[in-house]
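The values are calculated or read from the model by the stated rules, or taken from the named source; none is laboratory data. Quantities reported herein were computed from a predicted structural model and do not represent experimental measurements. Counting neighbours? That spans all protein chains shown, and the Cβs are built from the backbone with ideal geometry, glycine included. Surface areas here come from the heavy atoms of the whole protein model, side chains and all, with no ligands, DNA or RNA. Shrake-Rupley method; radii C 1.70, N 1.55, O 1.52, S 1.80 Å.
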Amino acid sequence: MSLGGAATEQDGELIATLFGSIGKIWKADEKYFDAITGLSGSGPAYIFLAIEALADGGVAAGLPRDLALSLASQTVLGAATMASKSSKHPGQLKDDVASPGGTTIAGIHELEKSGFRGILMNAVVAAAKRSKELSPS
């Protein structure tokens, strides 16, 4: 959230209390809102796509669709919970579960060959750019 010029600190506290009851609140300068839209506003769609792709991979590997979708959803939930509650950098969490020569690092290698991180970064930047284009001047 960002308080406008006419808003008081009491207004901010009220808004933080209301929205804080259903989620987490951050104060940020308005200049960051297009980037926030690209990451946090559009990000859930990227994660839904990732869940769908993980489930499709599970199906391709032989799992029934309902089990693959449940496993994919819970995997993302578990990873997100660990990332938000841990003081470790996500790269360290990744390294912690990737054994040398193991299954995880083999999968990570495939993701990196396809530019996984760059694709996600580009999606956030494209959405932020579009947010700026749609903003009133």
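Within segment 1-37, the set of residues being among the hydroxyl-bearing types (Ser, Thr, Tyr) and assigned to a loop (DSSP other than H, G, I, E, B) comprises Ser2, Thr8, Ser21.
Each residue in segment 126-137 was checked for being open to solvent by 100 Å² or more (accessible area, probe 1.4 Å) and in a helix (DSSP H, G or I), and 5 pass. Of the candidates Ala7, Ala79, the single residue that is open to solvent by less than 70 Å² (accessible area, probe 1.4 Å), within 18 Å of the chain's Cα centre (by Cα) and not hydroxyl-bearing (Ser, Thr, Tyr) is Ala79. Annotation: of all residues in segment 20-46 being free of Cβ contacts under 8 Å to residues at least 12 places away in the same chain and open to solvent by less than 80 Å² (accessible area, probe 1.4 Å), the one that is farthest from the chain's Cα centre (by Cα) is Gly20.
Scanning segment 106-125 for residues that are open to solvent by less than 60 Å² (accessible area, probe 1.4 Å) and part of a helix (DSSP H, G or I) turns up Ala106, Gly107, Ile108, Gly118, Ala123, Val124.
So is Thr103 open to solvent by 80 Å² or more (accessible area, probe 1.4 Å), at pLDDT 95 or above and either more than 27 Å from Ala126 (Cα to Cα) or of a type outside the set (Lys, Arg) (or both) or not? Against the criterion (open to solvent by 80 Å² or more (accessible area, probe 1.4 Å), at pLDDT 95 or above and either more than 27 Å from Ala126 (Cα to Cα) or of a type outside the set (Lys, Arg) (or both)), Thr103 qualifies. Annotation note: Cβ proximity below 6 Å between a residue of segment 92-104 that is under 18 Å from Ala80 (Cβ atoms) and a residue that is in a loop (DSSP other than H, G, I, E, B) (sequence gap 6+ or interchain) occurs for Thr104/Ala98. Among the residues of segment 55-72, is there at least one that is of a type in the set (Lys, Arg) and under 26 Å from Met121 (Cβ atoms)? No: segment 55-72 contains no residue that is of a type in the set (Lys, Arg) and under 26 Å from Met121 (Cβ atoms).
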